[in-house]
Amino acid sequence: MSFAETEINKFKKSNSTGNNVFYQAMEEVIYSIAPLLESDGRYSQHAILERLVVPDRIIQFKVTWLDDNNQVRVNTGYRVQFNNALGPYKGGLRFHPTVNEDVLKFLGFEQILKNSLTGLPIGGAKGGSDFDPKGKSDSEIMKFCKSFMIELHKYIGPRMDVPAGDIGVGTREIGYLFGEYKKITSTYEGVLTGKPFFFGGSLMRPEATGYGAVYFTETMLEMENKEPLKGQICTVSGAGNVALHAIEKLYDIGAVPVSCSDSSGTIYDSRGVDLELLKEIKLEKRLSLEKYLETHSEAKYIPVDEYPEGGHAVWDIPCYAAFPCATQNELTAVDAKNLIENGCISVTEGANMPSTPEAIELLQSHKLCFAPAKAANAGGVVVSEFEMSQNASMSKWSFEKVDNKLKDTMQMICKRVALTAKDYGVEGNYVDGANIAGFKKVADAMIAEGI
């Protein structure tokens with residue numbers, strides 16, 4: 001049994017079951033950093049791995065609220081404060097029926113290393129609720145957010161824990177949460193990021209993750225001596241904030257994004273997807289992508305149930321670069337095989353852990369450029385930290401300044417990951433490079449602060 005397998009089994013035996021997604025994320029990191037742990041006795045001496053994989057605290061609370069029929073509704077709220085060795089806890093809030101402790105532990109653990117890679121002074125956390133905003137009125141969403149903040153405010157602060165948005169939590173929800181925080185505390189401070197601009201929010205926050213993924217990919221392709229994205233066919237999954245802004249930035253640099261998807265199916269438009277129509281359908285009207293055909297009948301819509309089990313239509317479209325931007329484990333071994341056979345050169349994770357371990361192994365074994373989420377989708381938290389800086393100094397930066405700083409930071413992350421991989425004998429492996437670089441910085445900080 002290898003060193004990594006021994007460590008993984010030791011941790012699993014001492015912890016409860018039901019943490020499948022968290023274990024998947026943890027195993028990837030441990031396999032990557034095993035050579036570092038074996039070669040440097042300090043990490044074992046200070047029990048860094050054992051300390052890193054256990055959250056500082058998991059906060060769970062009841063959220064009661066009234067719907068539009070004056071019926072009392074009950075949801076569960078969470079905040080997983082994982083590690084603050086590098087700075088205040090930082091990570092988004094997710095409102096979605098699938099939210100549970102396992103999912104949030106996975107997201108919070110990934111956030112530690114992602115935030116470390118940015119080089120910015122922020123720790124890792126995640127939170128949210130099993131509340132589903134879909135189908136709810138603005139009034140119901142406002143009442144839920146206010147009830148949620150009544151509990152959450154006890155555990156957050158601009159130097160303690162600074163939540164942001166995630167799936168189901170956009171500027172509307174952040175505005176309601178911030179408004180309630182102000183009422184409770186009588187303070188106007190940067191306790192949340194992703195705020196509306198007039199509340200101290202940063203320009204370019206909605207665009208940050210999607211734009212950042214494209215900036216990272218451009219740098220990765222350059223470092224790996226591949227053709228640039230300009231003029232190339234690109235496939236994108238998802239139809240939310242990350243996907244739409246990845247598509248937007250791909251158009252900006254001259255690429256041709258031809259797909260998007262939602263929970264019902266996939267749109268394939270060989271001429272390039274109509275971005276403005278997508279924004280209208282998904283952001284304004286919140287409808288199914290099938291509505292796209294009413295305007296563009298020549299495009300293809302592939303329902304989820306019409307594609308073979310184990311794969312997804314979006315990854316069976318020939319492309320130069322793929323951007324999974326929907327949800328975890330959406331790109332399977334079947335999908336990876338299709339991408340390889342169709343001549344794909346690059347895969348960039350815009351969502352959190354969208355590729356299964358089997359898919360990643362296949363992609364890497366065939367020498368595709370593979371950009372892992374904790375590095376490639378760090379743009380959101382990068383601009384969130386920029387928002388914290390603006391709030392602290394009571395200043396506002398222009399769109400151009402934020403965009404330039406985001407591009408510089410994503411290029412820095414990519415180069416740091418690539419150089420770390422080379423230093424540790426795994427040149428071209430951006431998964432191992434990201435895990436080692438992120439871990440080292442956090443681990444060294446944990447050693448320096450003692451126990």
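Each reported figure results from applying straightforward, stated rules to the coordinates on display, with no laboratory input. In this text, all values refer to a predicted model and were calculated from it rather than measured experimentally. Because the Cβ atoms are built from the backbone with ideal geometry, glycine has one as well, and the counts that use them run over all protein chains shown.
Identify, among Ile150, Ile30, Tyr320, the residue whose Cα sits farthest towards the positive end of the charge dipole of the chain, taking +1 on the Cβ of Lys and Arg and -1 on the Cβ of Asp and Glu, with the dipole about the Cα centre.
Result: Ile150, furthest along the dipole toward the positive end.
Need one number: nm distance between label points at Glu361 and Leu283, each 7 Å from Cα along Cα→Cβ, rounded to one decimal.
4.0 nm
Would you mind ranking Cys325, Cys319 by Cβ crowding within 10 Å, fewest neighbours first?
Listing Cys325, Cys319 from fewest to most nearby Cβ atoms yields Cys319, Cys325.
Quick check: net charge around Asp68, other residues with Cβ under 11 Å of its Cβ, Lys/Arg +1 and Asp/Glu -1?
Net charge in that neighbourhood comes out at 0.
Can you spot the lysines whose alpha carbon is less than 19 Å from Lys401's alpha carbon? Ignore those fewer than 8 places along the same chain.
Reachable lysines: Lys195, Lys249.
Going by C-beta contacts inside 10 Å, put Phe144, Phe22 in order with the fewest on the left.
Ascending number of Cβ neighbours within 10 Å: Phe22, Phe144.
Can you give the calculated 222 nm mean residue ellipticity of the chain, where each DSSP H run of n ≥ 4 adds -39,500 (n - 2.57) and the sum is split over every residue, rounded to the nearest 500 deg cm²/dmol?
Working: 17 runs with 207 residues, N = 451.
Only helices count here, giving -14500 deg cm²/dmol.
For each pair in Lys182/Lys285; Lys62/Lys182; Lys134/Lys407; Lys182/Lys282, compute the distance between the two Cα atoms and list the pairs where it is over 24 Å.
Lys182/Lys285; Lys134/Lys407; Lys182/Lys282
Can you give the charge dipole size of the range 294-408 about its Cα centre, rounded to the nearest 20 debye, using +1 on the beta carbon of Lys and Arg and -1 on the beta carbon of Asp and Glu?
On the way: 8 positive and 17 negative charges, 126 e Å.
So the magnitude is around 600 debye.
I need Asp335, Asp68 ordered by Cβ neighbour count within 10 Å, fewest first.
Sorted ascending by nearby Cβ count, the order is Asp68, Asp335.
Only Lys, Arg, Asp and Glu count, each charged at its Cβ (+1, +1, -1, -1), so figure out the dipole size of the chain about its Cα centre, rounded to 20 debye.
Computed about the Cα centre, the dipole is about 1540 debye.
Which one, Gln390, Ile253, Gly310, is farthest towards the positive end of the dipole of the chain when Lys and Arg carry +1 and Asp and Glu -1 on their Cβ?
Gln390
Between the range 110-160 and the range 364-427, what is the separation of their alpha carbon centroids in Å?
21 Å
I'd like to know which of Val169, Gly179, Gln111 lies farthest towards the positive end of the charge dipole of the chain, counting +1 on Cβ of Lys and Arg and -1 on Cβ of Asp and Glu.
Gly179
Straight-line reach from Lys154: which aspartates and glutamates have Cα under 19 Å away, leaving out those fewer than 8 places along the same chain?
Cα-Cα hits under 19 Å: Asp56, Glu173, Glu180, Glu189.
With +1 on each Lys and Arg Cβ and -1 on each Asp and Glu Cβ, and nothing else charged, work out how big the dipole of the range 208-376 is about its Cα centre, in Debye to the nearest 20.
Around 320 debye, computed over the range 208-376.
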